[in-house]
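Chemist: The structure's right below; bear with me while I get my questions together.
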Amino acid sequence: MRKYLILFLVSLTAFSSYGQTAANDSTSVAQAKEDKNFNFNLMPYMSYNRNLDFMYGVLPLAMYRLNPNDTISPKSLSGVTAVFTTNGSKFVGFFNRWHLAQDNWRIQFYGATGNHISQFYYDYDVTPGFYDYKTKTRLVSVGVQRKVLPALYGGISYTYAHHYTKYEDGVLEDATTDTHSVQYIALWDTRNEVYYPTEGNQIRLKWNSFPQWLGNDIEANKIITEYNQYFPVHDNRDVIAARFSGTFGIGDILFEQQVTIGGNDIRGYSEAKYRGDGLMAVQGEYRYNFAKRMGLVGFAGVATIYGSQNPDFDWDFYPGVGVGYRYQAFKAAKFNIGLDAAVGKDDWGVYFRIGEAF
């Protein structure tokens, strides 16, 4: 893990050094670049996961204004990810986040395809332990949100996902699933910035429905709640961020629809051991900006799950704590990429970040 972290930090330092050299050569040129409507950067992707092993790839990112005269809307963001892992997994995806009409409209469109070789922990009618599974996935999603009050958005999205999952030793029956979900969204957003807020809050409520009338074999629902709060400190140089999140599965939740501890809530779990129908988590993060385009973060939190196939995992506490490095990808906007390292309960993980954790 250490050598991968060093390689990643070296690559980010190279980007930083290039930007500083260009600025020294010509202040006017650098200023012109900052004022451009379109900004592009090509970055390496490196990470490590105890489940997927070493992950590597490329990440082209573009930030731009759809309407150059609209200075109220945050810049829109588009990107492509191509990631390969040493355990044989591979993923290709794209994502777009568009802000329109003085940020009265927000549109998201993303898709992905790949082969996911992973594992899960199982101890029902078999020898307790980790069992491998392989999933071929295709996914596409589109969503739109409209501002209905000064800080309130309402929206809807549609997601189609195809999964073919094959389990090791037949521990579970191989399955092909096609799911169609409609998500209804209410968002309260008083953040002063979209990509790197330093004050305000964000409250999100989602109802994710998998109705049979849309073509699902099994009807299910998921309620997702998020509350993020941001506090500026040290004359607005640094930020304290706090978060509560909850995912509540209702009905017959499929294996691919379950949630796993790890990632944003809570970092420090990469074995995919603790998964269930629902998850709740609280965490806090200190964001320390020690240079113009670089920073560090420290974070800690705790999560719990329910609806696990292993009942002993239900309602236990799963803490996580870690640190991370941040690098501002674009001169013209505070949008960070970075790397986090965290430890959890008998587990640990390394995470490549596109934007902040929350």
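Chemist: Please list, in order along segment 271-285, the HN-Hα scalar couplings obtained from phi with the Karplus expression 6.51 cos²θ - 1.76 cosθ + 1.60 (θ = phi - 60°), rounded to whole Hz, x for Gly and Pro.
Modeler: 7, 6, 7, 9, 9, x, 6, x, 8, 10, 8, 10, 7, x, 8
Chemist: Sort 180, 99, 234 so that the residue with the fewest other Cβ atoms within 10 Å of its own Cβ comes first and the one with the most comes last.
Modeler: Arranged by neighbour count, lowest to highest, 180, 99, 234 become 234, 180, 99.
Chemist: On to the next question. About the Cα centre, and with charges only on the beta carbon of Lys, Arg (+1) and Asp, Glu (-1), how big is the dipole of the chain? Nearest 20 debye, please.
Modeler: Result for the chain is approximately 1640 debye, rounded to the nearest 20.
Chemist: Right, another one. With axes computed from alpha carbons, what is the tilt in degrees of helix 2-25 against the longest principal axis of the chain, rounded to the nearest 10 within 0 to 90?
Modeler: That works out to roughly 20 degrees.
Chemist: From the residues 187, 109, 234, which one has its Cα farthest along the dipole of the chain in the positive direction, the dipole being from +1 and -1 charges on Cβ of Lys/Arg and Asp/Glu about the Cα centre?
Modeler: Of the options given, the answer is 234.
Chemist: Give the distance, in whole Å, between the Cα centre of segment 200-248 and the Cα centre of segment 113-176.
Modeler: The two parts, judged by their Cα centres, are 18 Å apart.
Chemist: Among 173, 168, rank each residue by its count of other Cβ atoms within 10 Å, from fewest to most, as a rough exposure measure.
Modeler: Placing the least packed residue first, the sequence is 173, 168.
Chemist: For an R0 of 45 angstrom, estimate the FRET efficiency from the Cβ-Cβ distance between residue 252 and residue 36 and round to the nearest 0.05.
Modeler: 0.35
Chemist: Continuing with this model, one more query. State the answer as a single residue: which of 306, 127, 55 lies farthest towards the positive end of the charge dipole of the chain, with beta carbon charges of +1 for Lys and Arg and -1 for Asp and Glu, about the Cα centre.
Modeler: 55
Chemist: Principal axes first, then extents: for the Cα atoms of segment 215-322, list largest minus smallest coordinate on each axis, whole Å, largest first.
Modeler: Here the Cα extents, ordered largest to smallest, are 53, 30, 21 Å.
Chemist: What is the ratio of the Cα radius of gyration of segment 33-354 to 2.2 N^0.38 Å, where N is its residue count, to two decimals?
Modeler: Compactness ratio reported: 1.01.
Coordinate-derived values only; no laboratory data. Quick caveat, the model's predicted, so the values are computed rather than measured. Neighbour counts are summed over all protein chains in view; Cβ atoms, including those assigned to glycine, are modelled from backbone coordinates with ideal geometry.
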